[in-house]
1. Go through region 222-257 and give me each residue that's over 19 Å from Gly45 (Cα atoms), in a helix (DSSP H, G or I), free of Cβ contacts under 8 Å to residues at least 40 places away in the same chain and not aliphatic (A, V, I, L, M).
2. Just a yes or no: is a residue in region 60-79 outside any helix (DSSP H, G or I), in contact with a Lys or Arg (Cβ under 8 Å, 6 or more places away or on another chain) and under 28 Å from Arg245 (Cβ atoms)?
3. Under the condition of being open to solvent by less than 70 Å² (accessible area, probe 1.4 Å) and without any contact (Cβ under 8 Å) to a residue 60 or more places away in the chain, which residue from region 197-211 is farthest from the chain's Cα centre (by Cα)?
Amino acid sequence: MRARLMFACANISRAKTLAEGQTTMQDSLFSLVGKTALITGGGSGIGAFMAASLVRAGAQILLVGRRQDRLRAALGDQPGAVFALDLAPEGAARKLFSQVTAAGYTPDIIVNAAGVNPRKHADDIDEATWQATLHLNLGIPFLVAQAFVPAMRANGWGRIINIASLQSNRAFENGIAYGAAKGGILQLTRAMAEAWSAHGITANAIAPGFFPTELTAPVFDNRELADKHAAQTAIGRNGQLEDLRGPLLFLASDASAYVTGQTLAVDGGYTAK
């Protein structure tokens with residue numbers, strides 16, 4: 001009887017040790033302790049939410065955007081810094097690189113969340129609007145990543161996360177310029193992976209469905225339109241920012257070490273129907 005009891009206790013102890021080991025492994029897979037993440041468009045919307053999510057996983061954050069007050073409000077007392085910079089002008093990515101490195105930071109993770117959607121019909125898009133939309137949504141993600149990749153390569157570790165869209169695959173009304181740029185994000189992400197992943201730098205994209213942000217305010221201000229998009233999903237609702245946390249941490253951490261060049265749709269099954 002005593003022998004059986006000792007055997008049972010030993011099994012319980014081994015099971016507990018194994019469970020604790022698995023928990024530790026799982027925690028470390030998604031841990032970003034010691035990492036620095038740079039987020040463009042980090043002062044509001046999806047960018048600000050992603051920044052806060054990265055902090056919760058242990059990273060310090062560098063928020064980039066045009067509005068100093070919004071950036072400081074988004075940073076709050078979280079570890080990191082803000083860089084108030086308009087990314088539209090030529091040479092802005094190089095200027096950002098200079099400012100970040102001069103401040104003593106070396107990003108391990110880049111989240112390209114800055115974006116603009118002019119919401120104009122194809123007949124009304126002028127050349128300046130076309131160029132500006134493609135530059136901010138497609139050009140800047142490449143140029144910012146390109147600037148910081150050498151340090152990632154030297155460290156043998158890096159994560160680039162681009163923001164794609166439903167319009168990466170589908171045409172929406174008044175979305176020709178934005179859709180063209182977001183369609184390009186799919187190929188840019190694959191090309192980044194081909195260029196840099198052999199050096200430990202993964203490049204992936206998240207394609208959100210409809211989430212309530214400043215950029216999608218015209219949709220959510222129209223209840224009928226918002227309900228229409230919710231009905232288009234397989235789940236039956238539009239996105240909530242919290243829905244982005246898990247996919248983001250997966251792509252930003254060691255959990256996705258063998259995943260690169262991919263675009264993950266976080267759209268409630270919108271593109272599955």
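1. Those that are over 19 Å from Gly45 (Cα atoms), in a helix (DSSP H, G or I), free of Cβ contacts under 8 Å to residues at least 40 places away in the same chain and not aliphatic (A, V, I, L, M): Arg223, Glu224, Asp227, Lys228.
2. Step one: list which residues in region 60-79 are outside any helix (DSSP H, G or I), which gives 60-67, 76-79.
Keeping just the survivors that are in contact with a Lys or Arg (Cβ under 8 Å, 6 or more places away or on another chain) gives 60.
Okay, now just the ones that are also under 28 Å from Arg245 (Cβ atoms), so 60.
Checking region 60-79: at least one residue is outside any helix (DSSP H, G or I), in contact with a Lys or Arg (Cβ under 8 Å, 6 or more places away or on another chain) and under 28 Å from Arg245 (Cβ atoms).
3. The first filter runs over region 197-211 and keeps only residues open to solvent by less than 70 Å² (accessible area, probe 1.4 Å), leaving 197, 200-211.
Keeping just the survivors that are without any contact (Cβ under 8 Å) to a residue 60 or more places away in the chain gives 200-203, 205.
Working: Gly200: 18, Ile201: 15, Thr202: 13, Ala203: 11, Ala205: 7 Å.
Residue satisfying both the conditions and the ranking: Gly200.
The values are calculated or read from the model by the stated rules, or taken from the named source; none is laboratory data. In this text, all values refer to a predicted model and were calculated from it rather than measured experimentally. Note that each Cβ is placed from the backbone with ideal geometry, even for glycine, and that neighbours are counted across all protein chains shown. Note: accessible area is taken over every heavy atom of the protein model, side chains too, but ligands, DNA and RNA are not part of it. Shrake-Rupley method; radii C 1.70, N 1.55, O 1.52, S 1.80 Å.
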